[in-house]
Amino acid sequence: MQQLEQTLKTALGAAIQNVFGAEVPADQLSLQATRKDFAGQFTLVTFPFTKTLGKGPEQIGQALGEWLMANEPVVRGFNVVKGFLNLEVADAEWLRVFEELRQRPADAPVETGGPQNVVVEYSSPNTNKPLHLGHLRNNFLGYSVAEILKATGATVSKVNLVNDRGIHICKSMLGYQRFGHAETPASDGIKGDHLVGKYYVLFEKHYREQVAQLVAEGVEKKTAEAQAPLMLAAREMLQQWEAGDEAVVSLWKQMNGWVYEGHNATYAAIGVDFDKFYYESGTYLLGKERVQEGLDRDLFYRKEDGSTWVDLAQEGLDQKILLRSDGTSVYLTQDLGTAELKYADFHYDSSIYVIADEQNYHMQVLQATLQKLEKPYAEAIHHLSYGMVDLPTGKMKTREGTVVDADELVRDVVAAAEAATLEKGKTEGLTDDELSQLYHMLGLGALKYYLLKVDPKKRMLFNPEESVKLEGDTGPFVQYSHARIAAILRKAAEMGIYSTADLSGLEQLPVAAREMVQELGRYPAVVREAARTLSPALVAQYAYDLARAYNRFYTDVKIFTEPDQTARAFYVALSAQTGQAIKTSMGLLGIPVPERM
């Protein structure tokens, strides 16, 4: 496809030289896809050249089109609409492009010239609660971005920094101590992360009651929040943990173990994985060393209360605490340590943090602090800042128990996929195990596609009813399209028609076939742009466009009743190439596609 575009640009440059006696560099000749309501496949906007060429945009388009028709065999026709020159490419060229696509291995890298050693950090759960809807967007984004970057030939390592220590973890531990009755996941029959999350919510409930009581007694709210007995106890527990108190550490290990088991079950269910786990409990001490380094070099400073700070005013930021007055660390402390550990492990030239846009300031502070410390990996930090997920009822709040639980949501979408598939009555020939796998594939496909088709930077509204729809711009629509193609290829094989057949005798293509070849040829450009912008939404849109174009092709072209044997073989080959492109594109989103339905 790149070769075709370059051929057209070269020919346009020659046309301008011959017709107008002017030279226009190729990089100024930008071609775009022709609008569907006009004939053609590539469009040149002529408005920018009126001053240089001394003619009106329509005159320029007409003159260039006539020259191309007379001198460039790749162009079979043209039309001019105001300042737009629409070019129709010859069928022989589309067949050449298709043959080129057919010879290209499905896993051939799309070279971009971008970073070649990349670490993608995503998920980053807390060990005081189960994963929720917001975590799902994070996990799906991180996994997909990693797969897209792999498709460019980069070496990509997927890592997960588990926030397994800190005041929030102590809250769930204290909640379990104060309000639990020695329950375990086994005794309660629930996942460990859900059990621990229950006690985090209970802590917050009782804590808010204590704050309200203090405020009613005349204590200022901010003071009440700091002096409420449960908060004081949580801070004391954090100090005990950092001091290595045996009983506190034992409870911490037990409850975290429950959460890890629960989180891992969720990761397996949603189809994401990691090459390495980091734990805040294993990085915060290294972070403290970096803080001490900053103090020794007079880069950081201590306040009278003993807390340690960094002044980033010159960097356009503010003062940021690094260690509390009691010596305990904050998120930034462990982030300093984790960045160093990741660099020691992977020597990355790009370190991508998939973190919600609520942490934009935090990520700016982290990078500026590492720059102040003159760390060689500071410039490699890249924040993939994504918008939060809202509900129709407003923002999710874990401490108030108003989140959408990930496990429950996955069960819901799988159930919806089952109901919709049974309604269509297309389950014949599939075993119970195959049906179960299909329902999970479709349900999770619906959920992943729904969360990934929105540009990461945009805040999104999660509508439960919309998310489980299986038709329209949805994951299952694309999945159904792949299953249809797989069925066509099976029928073709039974008839002795194979996608590897020789197509050299073919001369003419129907419009729908040209459109399919052009759509297939867009794949490298889509991957390049998705990798550059770290936006799986571009791949989701491409997969949908492919499926929609194929459904038009399938309607317009009668594959098995086509009398011409070579044309029939081409239609089967085109179907096979489209099926592979859909599978590859959806794979970049972490969405598998079914072979039969």
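So, in the stretch 131-161, exactly how many residues are out of contact with any Lys or Arg (no Cβ under 9 Å at 6 or more places or on another chain), of a type in the set (Val, Ile, Thr) and buried (at least 22 other Cβ atoms within 10 Å of the Cβ)? Looking only at that region, the number is 2. Checked against (1) in a helix (DSSP H, G or I); (2) farther than 21 Å from Glu494 by Cβ, Leu574 passes all but condition (2). Considering Ala513, Ala501, the condition of being of a type in the set (Gly, Ala, Ser) and assigned to a helix (DSSP H, G or I) is satisfied by Ala513 alone. The requirement of being closer than 28 Å to Ala146 by Cα, assigned by TED's automatic domain parsing to the domain that holds Tyr199 and out of contact with any helix residue (DSSP H, G or I) (no Cβ under 7 Å at 6 or more places or on another chain) is fulfilled nowhere in the stretch 284-300; no residue meets it. When restricted to residues that are touching a residue at least 24 places away in the same chain (Cβ under 8 Å), hydroxyl-bearing (Ser, Thr, Tyr) and under 30 Å from Gly142 (Cα atoms), the stretch 499-544 contains 4. Report, by residue number, each residue of the stretch 423-436 that is within 11 Å of Met597 (Cα to Cα) and assigned to a helix (DSSP H, G or I). Hits for the stretch 423-436 are Lys424, Glu434, Leu435. Here is the figure for the stretch 187-196: residues that are at pLDDT below 95 and assigned to a helix (DSSP H, G or I) total 2.
Restricting Leu461, Leu489, Leu452 to those that are surrounded by 16 or more Cβ atoms within 10 Å (Cβ to Cβ), under 25 Å from the mean Cα position of the chain (by Cα), in contact (Cβ under 8 Å) with a residue 24 or more places away in the chain and not assigned by TED's automatic domain parsing to the domain that holds Asp390 reduces the list to Leu452.
Taking the criterion of being closer than 22 Å to Met516 by Cβ and surrounded by fewer than 20 Cβ atoms within 10 Å (Cβ to Cβ), the residues of the stretch 1-17 that qualify are Met1, Gln2, Gln3, Glu5, Gln6, Thr7. Looking at the stretch 283-298, which of the residues that are free of Cβ contacts under 8 Å to residues at least 40 places away in the same chain and assigned to a helix (DSSP H, G or I) is surrounded by the fewest Cβ atoms within 10 Å (Cβ to Cβ)? Top of the filtered list is Asp296.
Specify the residue that is farthest from Ser30 (Cα to Cα); the eligible residues are those in the stretch 99-131 that are of a type in the set (A, V, I, L, M, F, W, C), touching a residue at least 40 places away in the same chain (Cβ under 8 Å) and out of contact with any Phe, Trp or Tyr (no Cβ under 8 Å at 6 or more places or on another chain). Result: Leu131. Just need a number here: residues in the stretch 299-355 that are over 26 Å from Ile169 (Cβ atoms), exposed (fewer than 15 other Cβ atoms within 10 Å of the Cβ) and among the hydrophobic types (A, V, I, L, M, F, W, C). Residues that pass the stated criteria total 1. Residue count for the stretch 6-61, restricted to those that are over 36 Å from the mean Cα position of the chain (by Cα), touching a residue at least 24 places away in the same chain (Cβ under 8 Å) and assigned to a loop (DSSP other than H, G, I, E, B): 5.
The values are calculated or read from the model by the stated rules, or taken from the named source; none is laboratory data. These numbers come from a predicted model, not from an experiment. A quick note on method: Cβ atoms are made from the backbone with ideal geometry, for glycine too, and the neighbour counts reach across all protein chains shown.
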